[in-house]
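Visitor: I'd like to ask you about the structure that follows.
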Amino acid sequence: MKVKISNEEIDIQFNMAVEIAYEEVAGEPFNIESLSKMKNTMALCMAAIVAANPDTGITMEYLLKNASVKEIGELKNAVTETMMEWLQIPKVIADAEAKEEQPDVNEEQPKN
C-alpha cells in the first residue's frame, strides 16, 4: 500500500519489523490497546514508514510539521488496514469494535 506525504510516495506495510520499530520509536512494547493514545498512533505510523522505507528522510518531527491532516488520515488508515491484515483481524470485527468505542451522537446528552 502506498501513501503520499509532502509529495513523497511512501510504502506502508505491517510486519514484525513495524512492531520492533514501534518499540524503538515509542519506547514501550507494542500493544494494540495503547494505540488509543494519539502519540502512540503516530509512533506506529512512523514505525510503519521507517520499517518499509529505511532510507526515507521522514522523521516524526517532519511528519507532524509538514504532513497535512488529509495525509495523516490516509497514513493512519493505511497502517490500520495493513495491521489488521498482519494480525488477521477481519475488517467487519474491527469496524464493529471501533463503533463500540465511539459514543452514539444520536443519544440524548444529559443537560446540566
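The values are calculated or read from the model by the stated rules, or taken from the named source; none is laboratory data. Remember, it's a predicted structure, so these values are computed and weren't measured experimentally. Heads up, the Cβs are rebuilt from the backbone with ideal geometry, glycines too, and the neighbour counts pull from every protein chain shown.
Visitor: Scan the stretch 23-74 residue by residue and report those that are hydroxyl-bearing (Ser, Thr, Tyr) and assigned to a helix (DSSP H, G or I).
Guide: If the condition is that a residue be hydroxyl-bearing (Ser, Thr, Tyr) and assigned to a helix (DSSP H, G or I), then Ser34, Ser36, Thr41, Tyr62 are the ones that fit.
Visitor: Just for the stretch 37-61: of the residues that are over 15 Å from the mean Cα position of the chain (by Cα) and charged (D, E, K, R), which one is farthest from Ile5 (Cα to Cα)?
Guide: Once the filter is applied, the top-ranked residue is Asp55.
Visitor: Do any residues in the stretch 18-47 that are at positive phi have Cβ atoms under 9 Å from those of residues that are surrounded by 11 or more Cβ atoms within 10 Å (Cβ to Cβ) and among the hydrophobic types (A, V, I, L, M, F, W, C), where the two are at least six apart or on different chains, and which pairs are they?
Guide: Gly27/Ala43
Visitor: For residues that are β-branched (Val, Ile, Thr), surrounded by 18 or more Cβ atoms within 10 Å (Cβ to Cβ) and within 20 Å of Ile89 (Cα to Cα), tally how many sit in the stretch 12-40.
Guide: Number of matching residues: 2.
Visitor: Tell me, which residue of the stretch 8-22 that is assigned to a helix (DSSP H, G or I) and of a type in the set (A, V, I, L, M) is nearest to Glu74 (Cα to Cα)?
Guide: Val18
Visitor: Right, here's the next one. Please state which one of Ala94, Ala67 is modelled with pLDDT under 65, under 15 Å from the mean Cα position of the chain (by Cα) and of a type in the set (A, V, I, L, M, F, W, C).
Guide: Numbers: Ala67 fails: modelled with pLDDT under 65.
Answer to the selection: Ala94.
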